[in-house]
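> Dropping the structure in here first, questions after.
The values are calculated or read from the model by the stated rules, or taken from the named source; none is laboratory data. Owing to the predicted nature of the structure, the values given are computational and were not obtained by experimental measurement. Please note: Cβ atoms are built from the backbone with ideal geometry, for glycine as well, and neighbour counts cover all protein chains shown. The accessibility values were calculated without ligands, DNA or RNA, using every heavy atom of the protein model including side chains. Shrake-Rupley method; radii C 1.70, N 1.55, O 1.52, S 1.80 Å.
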Amino acid sequence: QVQLVESGGGLVQPGGSLRLSCAASGNINSINAMGWYRQAAGKERELVALITSGFSTRYVDHVKGRFTISRDNAKNTVYLQLHNLKPADTAVYYCHSNSLMIHNGPKILDYWGQGTQVTVSS
């Protein structure tokens with residue numbers, strides 16, 4: 001089992017920056033990849049950034065060059081650095097892990113944090 005706790009959201013002006021943190025605990029060695037999703041009001045949840053156990057990263061097109069995902073294995077934490085924020089970035093941001101569990105047979109499990117609100121407004 002994996003527990004994820006996000007922090008770092010808040011209210012910021014357009015063009016500003018935030019750094020979101022996701023602290024993982026539990027069976028962290030089972031994690032294959034971690035990512036950040038977001039869900040704006042009235043919209044579907046979308047994947048915005050992904051980082052694998054091999055430190056490969058991917059981003060959705062409209063955040064490339066503005067967002068950076070990273071991980072610190074010593075702290076069991078993944079970060080999302082947000083730069084040049086726009087009102088369209090306003091959403092609840094969720095941390096996600098994809099874990100391979102082998103106990104009682106192999107299975108892939110998804111774990112989610114509680115979400116942290118990012119609001120971009122002047």
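> Identify which of Ala24, Ala88, Ala40 has the largest mean-square fluctuation in a Gaussian network model of the chain, with springs joining Cα atoms closer than 10 Å.
Ala88
> Right, here's the next one. Could you calculate the contour length gain from Ser56 to Lys43, that is, 0.36 nm times the residue separation minus the distance between their Cα atoms, to one decimal place in nm?
Gain in length upon complete extension: 1.9 nm.
> Would you mind telling me which residue in Lys64, Lys75, Lys107 has the biggest mean-square fluctuation in a Gaussian network model of the chain, where springs connect alpha carbons within a distance under 10 angstrom?
Lys107
> Still on this structure: If you take every residue apart from Ser17 with its C-beta less than 15 Å away from the C-beta of Ser17, what net charge results, scoring Lys and Arg +1 and Asp and Glu -1?
The answer is +2.
> Still on this structure: Just Gly54, Gly26, Gly105 to compare: in a GNM of the chain, with alpha carbon springs under 10 Å, which one fluctuates most?
In this elastic network of the chain, the residue with the biggest mean-square fluctuation among Gly54, Gly26, Gly105 is Gly105.
> Report, in listed order, any pair from Lys43/Lys64; Lys43/Lys107; Lys43/Lys75 with a Cα-Cα distance greater than 24 Å.
The pairs that break the limit, which is 24 Å between Cα atoms, are Lys43/Lys107; Lys43/Lys75.
> Residues of the stretch 79-107 with amide nitrogen under 17 Å from the 7 Å Cα-to-Cβ point of Ala23?
Only 79-80, 95-96 pass the distance filter.
> Could you calculate the FRET efficiency of Asn73 with Asn104 from 1/(1 + (r/R0)^6), where r is the beta carbon distance between them and R0 is 22 Å, rounded to 0.05?
With a Förster radius of 22 Å, E is 0.20.
> Carbon-plus-sulfur fraction of the accessible area of the stretch 1-121, 1.4 Å probe, in percent?
50
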